[in-house]
Amino acid sequence: RWRYTYKNSPVNFLSILNNKIKMDKIKNNNKFYNPNVLVAGCGTGQHVLDVCNYQNAKILAVDLSLTSLSYAKRKTDELEIKNVEYLHADILQLKKLKRKFDVIEAAGVLHHMKDPLKGLKIIVDLLEPHGFLKLGLYSKTARKHIIEAKNFVKKNQFKNTREDIRRFRNEIFNLTENTSLKEVTKLQDFYSMSNSDWMWKK
């Protein structure tokens, strides 16, 4: 769960995409002035808020967990966001949708499925020919510092309490040896009490 977020400043989707890939630049005849966007596996809604930065987007956010979905809906209602529709469903059920999307995003989702390729095929089939698919997949190499942080938490028997989270942060800041463990200080979640569960999850 999360409590706070940044204010949205909607910008054209292609502008956001090109800003993220920096040196490269994508040209597309479709200007994405009113993109239909699918967030496949929206969790508690933080990803949805990122997608709300796509100007004039019409968003469908889907998740398997009704609890997560309910929290996401509650938070977007609090923020008076009106362009998001929520659907309680498994990705494998999405083939029943009679819709196509200009942008589909699935971050931290497919690799948890029993058959990730089957899930991937379903969402690709929902993509418009001119569309973009954004995937976020776990990588042991990219998550090396997170694994190291989890081991550090376990070794030092830190608990999921405000006091221990603060102690954990101080221990990391005060490390003198050159270690990849310090990379966790670059994560936004490192500075959040509500998003720090990654340290204790298996």
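If the condition is being under 20 Å from TYR4 (Cβ atoms) and among the aromatic types (Phe, Trp, Tyr), then segment 46-81 contributes only TYR71.
Within segment 118-141, residues that are at pLDDT below 90 reach partners that are open to solvent by 50 Å² or more (accessible area, probe 1.4 Å) and assigned to a helix (DSSP H, G or I) with beta carbons closer than 8 Å, at six or more positions or on different chains, in the pairs LEU137/HIS111; TYR138/HIS111; LYS140/ILE147.
Among the residues of segment 69-81, those that are out of contact with any Ser or Thr (no Cβ under 9 Å at 6 or more places or on another chain) and assigned to a loop (DSSP other than H, G, I, E, B) comprise GLU80, ILE81. Going through (1) outside any helix (DSSP H, G or I); (2) in contact with a helix residue (DSSP H, G or I) (Cβ under 6 Å, 6 or more places away or on another chain); (3) of a type outside the set (S, T, N, Q) one by one, LEU181 falls short only on (1).
Just to be sure, is LEU79 touching a residue at least 40 places away in the same chain (Cβ under 8 Å) and open to solvent by 40 Å² or more (accessible area, probe 1.4 Å)? Yes; evaluated as a whole, the condition is true for this residue.
Here LYS22 meets the list (1) modelled with pLDDT under 85; (2) open to solvent by less than 50 Å² (accessible area, probe 1.4 Å) almost entirely, failing just condition (2).
Condition check ((1) closer than 15 Å to PHE101 by Cβ; (2) touching a residue at least 60 places away in the same chain (Cβ under 8 Å); (3) in a strand (DSSP E or B)) across all residues:
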{"position": "SER9", "(1), (2), (3)": "no, no, no"}
{"position": "ASN19", "(1), (2), (3)": "no, no, no"}
{"position": "LYS27", "(1), (2), (3)": "no, no, no"}
{"position": "ASN30", "(1), (2), (3)": "yes, yes, no"}
{"position": "CYS42", "(1), (2), (3)": "yes, no, no"}
{"position": "VAL48", "(1), (2), (3)": "yes, no, no"}
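Restricting segment 82-117 to residues that are open to solvent by 60 Å² or more (accessible area, probe 1.4 Å), at pLDDT below 95 and not in a helix (DSSP H, G or I), the residue that is nearest to THR5 (Cα to Cα) is LYS82.
Among the residues of segment 65-76, just one is open to solvent by less than 50 Å² (accessible area, probe 1.4 Å) and either free of Cβ contacts under 8 Å to residues at least 24 places away in the same chain or at positive phi (or both), namely SER65. Considering segment 156-171, the residues that are closer than 14 Å to PHE190 by Cα and among the hydrophobic types (A, V, I, L, M, F, W, C) include one that is farthest from the chain's Cα centre (by Cα), namely PHE168.
Restricting to segment 167-186, count the residues that are among the polar types (S, T, N, Q) and either over 10 Å from HIS145 (Cβ atoms) or open to solvent by 80 Å² or more (accessible area, probe 1.4 Å) (or both).
Step one: of segment 167-186, the residues among the polar types (S, T, N, Q) are 170, 174, 176, 178-180, 185.
Checking the rest, the ones that are also either over 10 Å from HIS145 (Cβ atoms) or open to solvent by 80 Å² or more (accessible area, probe 1.4 Å) (or both) come to 170, 174, 176, 178.
So the answer is 4.
Residues that are acidic (Asp, Glu) and within 30 Å of ILE26 (Cα to Cα) are absent from segment 176-188.
The values are calculated or read from the model by the stated rules, or taken from the named source; none is laboratory data. From a predicted model like this one, the values you see are computed outputs, not experimental measurements. No Cβ is skipped: glycine too gets one built from the backbone with ideal geometry, and neighbour counts run over all protein chains shown. These area figures cover heavy atoms from the full protein model, side chains too; ligands, DNA and RNA do not enter into them. Shrake-Rupley method; radii C 1.70, N 1.55, O 1.52, S 1.80 Å.
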